[in-house]
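Let me begin by presenting the structure, written as C-alpha cells, before commenting on it.
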Amino acid sequence: MEIYKAYKFRLYPTDDQKRLINKTLGCKRFVYNHYLNYLKDNNSINRFDLHKDLPKLKEENEFLKEVDSTVLRSAVDDLSKAFNDYYAKIKGYPKFKNRFSKQSYRTSCIKSTYKEKEYSTIEVDLLSRFIKLPKLGKVKIRGFRNKDKIEGKILNATITRESTGKYYISVIVVEDLLVEKVITPTSIVGIDLGIKDLVITSDGIKYSNEKVLMKFEKRIKRLQKELSRREKGSKNYLKTKEKIARVYAKIKNYRKHYLNDIANEIVNEHDIIVTESLLVKDMFKDKKKAFNKSLSDAAVSTLRSLIEWKSKLKGKFYYKIDTYYPSSQICSNCGYKNSKLKDLSIREYDCPECGFYNDRDINASLNILFEGLKLHYNLESLV
Ligand SMILES: [Zn+2]
C-alpha cells in the first residue's frame, strides 16, 4: 500500500539562491500568463498541446532556459488544472498571476542511473541539514531534527516565499508500506465520535478533545483581538497574522500526534473497528463553539482515515455505518427506541423496557459495534 507524506522545512537560501528562486517564480508566472493569454485569443487551440509548445517558447525567450525546466512544465500543468476546474464548475475562469498572488513553484524529482549509481535531482540530507535542488544546488534547511533520513521516494518539492520574506519547502514523498495478511478477528470495538469527548469506545474508554483545544482557543482569541487593533496591511498586522498562523500550525501538529496515538491504540487492540460515517449529531448543538466545532470536524475525519489505513495495513477490518442509524436512541441491550434521547442534555441511557443503564455515548458506541458486527458477517457470507 502506497502512502503519500509531506515534509515541510524552513529554507535558508543564500542571496544568490534567493535571486534564482525569485527569477524562477517570475518565469513560472511568465509561462502561466503567456499560455492563459494564448488560449484566450485562440479558442481552437487544445490546451493539452501546450507542453509541445513549451520548447518553442523557450527558444523565443532565452531567459527561460536559466531556470529549472520542470517548474515551467508544472506551470503548464497548473494552468491545465485551472481549466479543468473551470469546466467542472469548481472554480471560475483562470486569472492572470501577479507578483502579489501566492508565490510558489513546484519542481519534480527526476531519477537516473549512471555507472550503476542512482542519481536524483532532489535529495534531502538531514544529517548535514541541506536539500539538493535543481539549478539551486545545496540549500540550508531546518526541521525534522528527530529524524536522520526521510523514508520513501521523493516525488516533488514546492518552494514558497511568504509575504514576510521567509522561504519554505514542502517535499512530497511516496512510501510503499507492507500490508500484513488478513487476520481472523477475535475482538471488535464500536466507536462513537463527538466533540467534548472525541472518542468514546464500547469498552468505555474516552479520549477528550476540549482540554487540548481550550488552551489554544484562548491564545487565538487574544491574537484575533490584537489583529483587529492593527492597521490592515501594516507590518504589525502581518506579524500578528503570522503569530496566528503559528498557533494554528501548533494545533495541527499537536492534533496530528494525538490522533495518531489514538488510532494506533485502537487498531492495535482490536480486529474489527466500527465508526459512524459522518458526524451529524452535534451539528446544531453549540453555535458559540464554532472554533471547537470546525477543529473537531477536521479531527474526526482525520481520525477516521487514520483508523482506515492503519487497519488495512495490519490486515484488520474497518467499517463505517450509516449515520442516520439512531445509535444514541436505541437501547443496546434490548433494542427499544427511546426518542427522548434526541435531547442531548440527557447524558445517561436509562431503558424503560429492560432497565439497562449506562452513559449515553457508551450505549451509542455499543450500538455502533452491533451494526458493524452485522456488516462484517454479511460481507463475509458474500465472499
Ligand atoms: Zn433496553
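The values are calculated or read from the model by the stated rules, or taken from the named source; none is laboratory data. A quick note: this is a predicted structure, and the numbers were derived from the prediction, not measured. Please note: Cβ atoms are built from the backbone with ideal geometry, for glycine as well, and neighbour counts cover all protein chains shown.
Against the numbered list (1) in the same structural domain as residue 262 (by TED's automatic domain parsing); (2) exposed (fewer than 15 other Cβ atoms within 10 Å of the Cβ), residue 209 comes up short only at (2). Yes or no: residue 170 of a type in the set (S, T, N, Q) and closer than 25 Å to residue 25 by Cα? It is true that residue 170 is of a type in the set (S, T, N, Q) and closer than 25 Å to residue 25 by Cα. One residue stands out in region 320-376 among those that are crowded, with 16+ Cβ neighbours inside 10 Å and among the β-branched types (Val, Ile, Thr): the one that is farthest from the ligand (Cβ to nearest atom), namely 321.
Here residue 3 passes the criteria (1) within 15 Å of residue 158 (Cα to Cα); (2) surrounded by 11 or more Cβ atoms within 10 Å (Cβ to Cβ) except the one numbered (1).
The residues of region 130-184 that are of a type in the set (Val, Ile, Thr), in a strand (DSSP E or B) and within 23 Å of residue 242 (Cα to Cα), listed by number, are 141, 158, 159, 160, 169, 171. Residue 207: of a type in the set (Phe, Trp, Tyr) and out of contact with any Lys or Arg (no Cβ under 8 Å at 6 or more places or on another chain), yes or no? When the stated conditions are applied, residue 207 passes them. If the condition is being assigned to a strand (DSSP E or B) and surrounded by 18 or more Cβ atoms within 10 Å (Cβ to Cβ), then region 6-40 contributes 7, 9, 11.
Scan region 337-352 residue by residue and report those that are touching a Pro at 6+ places or on another chain (Cβ under 9 Å) and modelled with pLDDT of 90 or more. If the condition is that a residue be touching a Pro at 6+ places or on another chain (Cβ under 9 Å) and modelled with pLDDT of 90 or more, then 337, 338 are the ones that fit. Considering region 179-195, and only residues there that are surrounded by 17 or more Cβ atoms within 10 Å (Cβ to Cβ) and touching a strand residue (DSSP E or B) at 6+ places or on another chain (Cβ under 7 Å), the residue that is farthest from residue 307 (Cα to Cα) turns out to be 194.
When the strands (runs of 3 or more DSSP E) confined to region 41-123 are screened for residues that are exposed (fewer than 10 other Cβ atoms within 10 Å of the Cβ) and modelled with pLDDT under 95, those reaching at least 3 such residues are found at 111-114.
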